[in-house]
Structures are given as structure tokens and as C-alpha cells.
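Report on the structure given below.
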Amino acid sequence: MKEFTAFLLSEQENISKALQAVTEKMPCSVQEIARYAFLSGGKRLRPVLTLLWYNLLKTQNKITHPSLSIYDASIVLEMFHVASLLHDDVLDNAELRRGKTSSHIKFGVRPCLLAGDALLAMGNKQMAEFQNVRLMQIISDALLRTANGEIEEIQLAGKIPADEKEYLDVIEGKTAWIIRSACEVGAIMAGASEENIARARDFGLNLGMAFQIVDDALDFSPEDVIGKPTGGDLRERKCTPPIYMYLQSLTASEKEDFIKKFQANSNAVFETAQNLENGFTDEELKIINQKIIDAKFPEKTRELAQSYLDKARESIAVFSNPYANMLLEAITFIKERNK
Ligand code: FPP
Ligand code: MG
């Protein structure tokens, strides 16, 4: 993973500069929140993927702009991602993000919702500068899909998914689509062929699916590693794979008791997170989390990501150059990530 991590590190400064420039163009009152959210320690995976696909496929027909660069395009999906986290932490009533106080706790709910809105608007405005309808269609679709995924997830809270597809649809929307779009934007900015644009899209979607599956496994890692309380998904009544595996391991009467507590208040769809209390005591949550860890359900969940990582690898099999190698290493990076 040496070359991918070196690229990731070497591009941080250019990406940060582009983020800084765009933040300065935002309404003054929300700049501090945007800065706080941007500086909270993300890896900038989405802009880096845009840059890798751009560099891999760059042609004579690449999209240019008199004063903006590929970095300015690469940060648009990061802006959307950060906006979605500002909103998500309000929806989940989360107090910590990446080991720091969540923005809505630090600055208040209303300013954070507005800062998220301003980031979405600013991202759209910046991409519109490239005067390319296709880029606009891609990012609007990414926004709609992300919102849809989150809506579906909230509607499913406290429910046991009818099948695997229900879970997969949620994570495709809430996480994979923005990653898919980041790769596609890189390919389009590069002036790539339709065949290669499709490869970028497929790579991103599959990598994004694997990213969220690994994330759902990581939810059971220690708080000091993941920067948020262990077992948040169970508390938020999200039936992710480790929780589903635990449910399947129970006897009929244990299952009945679990489902009763997991479903508590589940008719209160779209109520605020504070009102969406699960029926478990803190002690019960702790015990269940430990049982999930002991049964190695997080490790088994990581195995579910493998088929998506294999599909992502297939999308880059035709290329052979340093950028293709870095994309290959990005697959390993997602598979092995532990925070
Ligand atoms: C984090 O998931 C949340 C997301 C990946 C998506 C959030 C989307 C919205 C709030 C919809 C609005 C859409 C836009 C584009 C503004 P998580 O809660 O499982 O992860 P976490 O534990 O890191 O919070
Ligand atoms: Mg959340």
C-alpha cells in the first residue's frame, strides 16, 4: 500500500488548499463550522479517488477551466460528504465524530444544519463553473441517492431487514454512491472513453459498498480507535450485518426478547433521535456488544466486503501503470482499514 498512502499524503496539501479557498467563498457565519468539519481528520478518500481516476485516464480532451483545477472539482464530493455528516450527526444525535465533539454539540443544531446546506449549495456552484451538464447530472444524482439511502435507513431503524437487499440498498445510497461519483467525475474530467467512465463508476460503487460494510464491522472497535462510542449502530437500532448475525445466533425466546427491545418506538419514523430510544438498558447494550465481539461477527462482516473488492479489482484489470497500482492498493487500504 506504499504508493497509494504516499499519494494520499502528498495530495493532502493541494486538497486542503482547494477546501480552504471554497470555504472562504461561503457565508461568513458558517465558515467556522465548515472549517471545523473539514479539519476533523478525514482521509480525503473521495478527492483522492477523483485524482487517481483523472490521472489514470487523462487525455487530450480533458475538461479545463481558466481559473479552476482538477482539485477544485475533486473537493465537490468531499463537500457533500462533510455536509451529509453534519446532518447525520444531528439525525443520530451523535456527540463525537473522529474523536472530537460533534459540530452540532459545539456550534448548535441550527447553525450546523445551515452550514450543511451552504456546503451543498457551494459544491453545486463550484461544479457548475466547469459548464458541463454531465458533471452536474452526476453530482445531483449523488445527492439524491445519498439522501434516499439515509431516508431508507431511518425508516428501517428498529426493524429487522426482510432480506439482505434492504441493507445493501441503504448502504449503496448512503455511502457508495458518493464514492462512485467521485471516481466518475475523475474519469469525465479526464475526457475518458465511455468504456473507461463505466469502469470508474463500477470501481467506485463496489469500493463504496465494501467501505460501508467494513465501517459496520468497525462499529464494534474500541472508542479510542474509531473516535466514536463502540456499538453506536445497535444503540441507533440499525440492523447492520454483525447485529443481524447476532440475532441469527439466538434461541427463539432470546430472539423474541431482542426484537422487542430493538423495535421499541419504531413507529416513530422521522421523530428526532432523542425520541427514538431503543428498549435496551446501557448494561444490556454493553453485554450484547461484547457478545458480538466475542463471536467474531465483525470479522465475519469484513468477509462480506470481499466480493465487492473483487469486483472493484476487475474494473481496473485492463490498466497497467502506477495509477492503476495505486487504485489496486486503495482496495487493500479499504479492506484492511481499522479506523
Ligand atoms: C454516516 O453513516 C452517514 C452517511 C454516510 C450519509 C448521511 C446522509 C444524510 C444525512 C442525507 C443528507 C444527504 C446529503 C448529501 C446532505 P453512519 O451514521 O452509519 O456513520 P457514522 O457512525 O460515522 O455516523
Ligand atoms: Mg451517524
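FYI, it's all coordinate maths here, none of it is from the lab. Being a predicted model, the structure only gives us computed values, none of them experimental. Every residue, glycine among them, receives a Cβ derived from its backbone with ideal geometry; neighbour counts consider all protein chains shown.
Per-residue ellipticity at 222 nm, computed for the chain from helices alone with -39500 (n - 2.57) per DSSP H run of at least four residues, works out to -22000 deg cm²/dmol.
Going from the residue with the fewest nearby Cβ atoms within 10 Å to the one with the most, M245, M127 rank M245, M127. Sort the range 106-187 into rounded, prolate or oblate with this rule: let a ≥ b ≥ c be the square roots of the eigenvalues of the Cα gyration tensor; rounded if a/c is under 1.5, and if a/c is not under 1.5, prolate when a/b is larger than b/c, oblate otherwise. Oblate shape, in that a/c is at least 1.5 and b/c is the bigger or equal ratio. For the chain, the dipole from Cβ point charges (+1 on Lys and Arg, -1 on Asp and Glu) about the Cα centre works out to 800 debye, to the nearest 20. Taking Cα atoms only, the orientation of helix 45-57 departs from the longest principal axis of the chain by about 40 degrees.
By other beta-carbon atoms within 10 Å, ranking F333, F203, F80 with the fewest at the front produces F333, F80, F203. What separates the Cα centres of the range 56-70 and the range 125-172 is a distance of 27 Å.
Taking the number of Cβ atoms within 10 Å of each Cβ as an exposure proxy, the fewest-first ranking of S193, S10 is S10, S193.
Quick check: the angle from helix 322-336's long axis to the longest principal axis of the chain, C-alpha only, nearest 10 degrees? So the inclination is approximately 10 degrees.
Cross-link check: pairs K2/K238; K165/K311; K291/K339; K17/K300; K165/K300; K43/K261 evaluated at a Cα-Cα cut-off of 28 Å; pairs beyond the cut-off: K2/K238; K17/K300; K43/K261. So, in Å, what gap is there between the alpha-carbon centers of the range 278-339 and the range 210-240? Distance between centres, Cα-based: 12 Å. Which of N196, I154, Q126 sits farthest toward the positive end of the charge dipole of the range 98-214, with +1 on the Cβ of Lys and Arg and -1 on the Cβ of Asp and Glu? Final value for the positive-end residue is Q126.
Using only Cα atoms, find the angle between the long axis of helix 282-294 and the longest principal axis of the chain, and express it within 0 to 90 degrees, rounded to the nearest 10. Tilt relative to the chain: about 70 degrees.
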